[in-house]
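In what follows, a single structure is set out as structure tokens and then discussed.
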Amino acid sequence: MSARERVAGGTANFIDERTGAAKWMKKTLTKVFPDHWSFMLGEIVMYSFVILLLSGTFLTFWFDPSMREVEYEGSYEPLNGIKMSAAYASALHISFDIRGGLLMRQIHHWAALIFMAAMVVHMMRVFFTGAFRKPRELNWIIGVALLTLGIVEGFLGYSLPDDLLSGTGIRIAEAIIQAIPVVGSYLSYFIFGGAFPGEMFIQRIYAVHILLVPGIMLALITAHLMLVWYQKHTQYPGPGRTEKNVVGYPLMPVYMAKAGGFFFIVFGVTAFLGAVAQINPIWIYGPYNPGQIGAGSQPDWYMGWLDGLVRAAPPIETHAFGVTISWNILIPGLIIPGIIFTLMAFYPFIEQWMTGDKREHHVLDRPRNNPNRTAIGAMSLTFTMVALINGGNDLLATHFDMSINQIMWFSRIGLIALPPLAFVITKRICLSLQRADREKVLHGRETGRLVMLPHGEFIEVHEPLSPEKAYALTAHEQLPPLEISGADSNGVANPQGIKGKLRARMSKASQEQIQKPTAKEMLELEDGHH
Amino acid sequence: MSEINMESNKEIAPLEDPGLPEHVHRKTDVDPLAAKKAERQVSILFSLSAVGTILFVYSYVWIPDDTLIFLPIFGTTNAHQLLLGLGLAMALFFIGMGAVHWAKTLMPDHEVVDYRKEQRSNNEDREAFVATVKDGAGQAGLGRRPLIKRTLALALGLVGVSPILLLRDLGPLPENDLNETNWKAGTRLVTDPGDRPIRPSDLEVGGVAQVQPEFPAGKVRHLDDIAQDSVLLIRIRPEEFNLDAERLSWTYEGIIAFSKICSHMGCAVALYEQTTKHLLCPCHQSTFDVTRAAKVIFGPAARPLPQLAITVDSEGYLVAKAPFNEAVGPSFWGRDSQ
């Protein structure tokens, strides 16, 4: 036994004799993970969270979360002698007088953008492949909670430097709080410690940003991963892959090396962006002053769609009995986001209700094989994209020399008209792709090779699919719609009434499919009926 | 009715599962030379990481943090921050690349099959669980001792009051704060910045100025004051006004004063277009017509900007004729907007 083996064995022995971990570790180290590029999206989220914790901790060593007024004296000449909050002055200090400080600030901000973007794309992957289905509904809900917290956390983070841009964002958040019926102005006075902007806000959101929200997120991420671990990962359909097994690489050594290596790659790319791509140059904006503003004020992208909704809102307020209800703020700022996130969280159960399918699923759907779900996803994304475009309407107008009024009207109409259109188009595309799959299985792949037959006819040579490929294209199930009739054979109305009818319609819509090749058709094909 | 018949799917899957495809050996599995080459590649990647760390240390210690260099795409940039960042990026990125390359070329790539079990526990365990819970609850005797149950419910219900009450001192009550500003009848308009009183002649036709109410000596202007008091003065030709008699009397020689705090969400309404005489809020593009008492002509704002009545005092300086007759800034529940 070499010296190295003796040390390793000794350590393992020490730990096992005290924890009995060997049995668990043996199982853990051989844990199987399916391999697919889209399974790395969630990893990016987790790694950028770690990067955020590391770079954020570095920033706290110098950041002073105080709104106390100071006069700036530092390396950035243009602001010397200007009165500002200690928070802003310390953010400048980090940027100009701490070696690597600006780099870490930029890494922190880029990591936040990557964190949010990866979370959204990961969520899209989970949605479009149906990975949220039973037994993974809880993990989906945890994901929705993490997305919501991520938006809040990001907003609080870029609000901390107390520059002119972020202060404007806080002002808008204050207006939303103030618009809440009955308690709004009280909430605002409690949160801000008095009139806006007051002198308490930065130190309060600092505690929330560096402790409260990250703490909750860390707990949720842990629960998320434990569930992934315990329930075992989903896998894409294919030969040898069933609902009862999981096919992939063992954790030790392949997955450890790949996942561990991938952490460094994500960190490296984030560091590269922090090095070469300037982000949030707070020294250009100047300190916050409620009487001033910069043109082209924009939130970060994950808030942009909310801002776009606010911009698109029609100017409606209700004045009655001496009170004011600001629908122009409440609807886009609270009601629509509330509805969107609630529907999102409950979607797994809504789908179960529509399809009546309450079984466990571990093999993923190809998006085309569930046209209704894919269309719902496309519809939601279209809504958010139009809102996001409207959130940048001023920049679009100035960069492309367009009329801001026209962009606004495009968005107002587009928010209502484009999502249903996206639904219909996506559904048709999915059905067409199903038709193409069917063709491929029955008649083989078009090779693009044209052959002239002896009697002069030209045909294109079709190459039959390999059994693996053909299986992958036909392995999915096509459920029949639920049978819920409006009335029974005696003409007695269904006791479930409107709810039943609605469900029947939903079920019919969600089960609209192109019939995949049947066993009979396949047999006929083999018999030579081409 | 709502359960799917599990058997119905058999008929639909027309093809037999051909099973896992045969394992294809990589070049590095069969060719020792290729494996040796891959090993070299991995070590080159790890070495590049080490070079990155050396670059990082060099930049930290020897490149002064105010060194500017010119680069073709980036323009003038700070060499210290740039090379520090590139060094760190290299150091991290190539560790990752090395590890992944190692895993992909030299570590085993046999796919392994593991089996799943249903998440649901078996019936025996479930029944045992329910029995344990019932048993435990029975031993605690909650059902048999209603007095304990009720007082416990009372205590638990009330205990949440304490932490909520503790939050009460987060801030004062708004009282009438949101309805009031520092503008009083006779308050002088002073420039922001500068705090100088102004005469009508200081503002040319077409000109714009930001003003604040004059504070008595010694009183400090806080950001809270600016957030409520900021006023925009605009001067146009008097005949261009399209106002009723009362609002016209609030102007002075073509000078009109509006709250600069947007009636929508409180941003500073800072963009004035001289030719159209429109004020635009850069946050949400609400557009106000100066000639018609800041009537909303576009965007999400539902109310005009509040107008401040102005005149001149005996020394010829601009003063407020009266306080704002409505609350400035965004709407709130208790705002009387009639």
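The numbers here are math on the coordinates, done by the rules we state, and not lab data. Remember, it's a predicted structure, so these values are computed and weren't measured experimentally. Please note: Cβ atoms are built from the backbone with ideal geometry, for glycine as well, and neighbour counts cover all protein chains shown.
Based on the Cα coordinates of the range A:1-75, what is the per residue volume of their convex hull in Å³?
On the way: hull volume 21.2 nm³, N = 75.
Per-residue hull volume (Cα only) is 282 Å³.
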Partners for B:Lys27 among lysines (Cα-Cα distance below 27 Å; same-chain residues under 8 apart left out): A:Lys31, A:Lys258, A:Lys469, B:Lys36, B:Lys37, B:Lys104
Quick numbers on the range A:13-147, Rg and Dmax over C-alpha atoms in Å, give 22.3, 66
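Of A:Lys232/A:Lys427; A:Lys26/A:Lys232; A:Lys244/A:Lys499, which sit over 28 Å apart, Cα to Cα?
As for pairs spanning more than 28 Å Cα to Cα, those are A:Lys232/A:Lys427; A:Lys244/A:Lys499.
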Nearest 0.05, what FRET efficiency do B:Val112 and A:Met402 give at R0 = 60 Å with Cβ-Cβ as r? 0.60
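Counting other C-beta atoms within 10 Å, which of B:Asp229, B:Asp244, A:Asp64 has the fewest, and how do the rest follow?
Going from least to most buried by this count: B:Asp244, A:Asp64, B:Asp229.
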Ratio of Rg to Rh for chain A, alpha carbon only, Kirkwood? 1.04
Neighbour cut-off at most 15 other Cβ (10 Å), DSSP loop, GluC sites (Glu not before Pro), the range A:171-279: A:Glu243
Cα lying deepest toward the dipole's positive end in the protein assembly as shown, options B:Val57, B:Gly141, B:Ser259, charges on Cβ: B:Gly141
Report, as an integer, the average count of C-beta atoms from other chains found within 10 Å of each Cβ along A:473-479. 4
Could you grab the relative contact order for chain B? Cα pairs under 8 Å, six or more apart, rounded to a whole percent. 12 percent
In vacuo Debye sum over C-alpha of the range B:27-105, base-10 log of normalised intensity I(q)/I(0) at q = 0.26 Å⁻¹, listed in q order, is -1.06
Taking Cα atoms, how many degrees apart are the long axis of helix B:146-159 and the longest axis of chain B, rounded to 10 and kept between 0 and 90? 50 degrees
Over all pairs of different Cα atoms in the range B:241-338, the reciprocal of the mean inverse distance gives a Kirkwood radius in Å of 13.9 Å
Taking the C-alpha atoms of chain B, convex hull volume expressed per residue in Å³: 468 Å³
Compute the angle between helix B:79-105 and the longest alpha-carbon principal axis of chain B, please, reported from 0 to 90 degrees and rounded to the nearest 10. 30 degrees
What does the charge dipole of the range B:27-105 about its Cα centre add up to, to the nearest 20 debye, if the Cβ of each Lys and Arg holds +1 and the Cβ of each Asp and Glu holds -1? 360 debye
Could you line up B:Thr287, B:Thr276 from fewest to most neighbouring Cβ atoms inside 10 Å? B:Thr276, B:Thr287
State the Cα centre-to-centre distance between the range B:10-68 and the range A:269-287 in whole Å. 30 Å
Longest span of chain A, sites excluded, free of chymotrypsin sites (Phe, Trp or Tyr not before Pro) in DSSP loop with at most 10 other C-beta atoms within 10 Å? A:62-320
About its Cα centre, how strong a charge dipole does the range A:31-365 have in debye, to the nearest 20, once Lys and Arg get +1 and Asp and Glu get -1 at the Cβ? 1140 debye
Taking Cα atoms, how many degrees apart are the long axis of helix B:32-62 and the longest axis of chain B, rounded to 10 and kept between 0 and 90? 30 degrees
The range A:165-235 - convex hull of the alpha-carbon atoms, volume per residue in Å³: 149 Å³
When chain B is treated as a GNM, springs tying every alpha-carbon pair under 10 Å, which of B:Ala38, B:Ala217, B:Ala294 comes out with the largest mean-square fluctuation? B:Ala38
